[in-house]
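Taking it in order: structure first as structure tokens, then the write-up.
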Amino acid sequence: MTQAELDEWKELYYHLVEFSFSVHNMLDEILDSIGEERGKYTKLALRVYSDSDFMETSKRQAELVDLFVNYNPDKPEETIEIVEEMIPWREYLNQFPITKRFI
């Protein structure tokens with residue numbers, strides 16, 4: 001999980017706990033952020049719902065459900081590993097000028 005995703009996760013987690021919401025509410029909150037320019041949980045929404053493959057989306061939903069059940073807000077490092085934000089492959093390639101094209 002990236003630092004930005006973790007920040008969103010903490011906000012969402014405390015919101016869910018404060019109002020005694022369920023896992024279903026958690027996924028709805030994230031889903032509602034899709035397509036909103038200033039959605040609350042846009043990084044988490046991209047992480048979970050960016051793939052058009054139903055099984056991959058289900059797998060990512062299951063990962064968040066598992067995180068919700070096992071998350072310890074006092075020791076987040078025990079349940080979440082922070083990784084650097086990945087840039088899309090095409091964006092990575094655009095950083096390098098192409099001097100020759102193969103036909």
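Select from segment 36-69 the residues that are of a type in the set (Lys, Arg) and farther than 14 Å from Leu12 by Cβ and write down the one among them that is surrounded by the most Cβ atoms within 10 Å (Cβ to Cβ).
Residue satisfying both the conditions and the ranking: Arg60.
Within segment 1-16, which residues are outside any loop (DSSP other than H, G, I, E, B), touching a residue at least 40 places away in the same chain (Cβ under 8 Å) and either open to solvent by less than 50 Å² (accessible area, probe 1.4 Å) or under 22 Å from Glu84 (Cβ atoms) (or both)? Write out each step before concluding.
Taking segment 1-16 first, the residues outside any loop (DSSP other than H, G, I, E, B) are 3-16.
Filter once more, keeping what is touching a residue at least 40 places away in the same chain (Cβ under 8 Å): 3-6, 9-10, 13-14, 16.
Gln3, Ala4, Glu5, Leu6, Trp9, Lys10, Tyr13, Leu16, listed by residue number.
List the residue pairs whose Cβ atoms are under 7 Å apart, where the first residue sits in segment 17-41 and is closer than 26 Å to Asp74 by Cβ and modelled with pLDDT of 85 or more, the second is outside any loop (DSSP other than H, G, I, E, B) and of a type in the set (Gly, Ala, Ser), and the two are 6 or more positions apart or on different chains.
These pairs meet every condition: Ile30/Ala45.
Quick one: in segment 64-101, which of the residues that are modelled with pLDDT under 70, not in a loop (DSSP other than H, G, I, E, B) and not charged (D, E, K, R) is farthest from the chain's Cα centre (by Cα)? Give the steps one after another, and end with the answer.
Taking segment 64-101 as the starting set, the residues that turn out to be modelled with pLDDT under 70 are 86-101.
Adding the requirement that they be not in a loop (DSSP other than H, G, I, E, B) leaves 89-93.
If we keep only those that are not charged (D, E, K, R) too, we end up with 89, 92-93.
Numbers: Trp89: 18, Tyr92: 20, Leu93: 24 Å.
The residue in question is Leu93.
The values are calculated or read from the model by the stated rules, or taken from the named source; none is laboratory data. Quick caveat, the model's predicted, so the values are computed rather than measured. Heads up, the Cβs are rebuilt from the backbone with ideal geometry, glycines too, and the neighbour counts pull from every protein chain shown. Quick note on the areas: whole protein, heavy atoms, side chains included, nothing else; ligands and nucleic acids left out. Shrake-Rupley method; radii C 1.70, N 1.55, O 1.52, S 1.80 Å.
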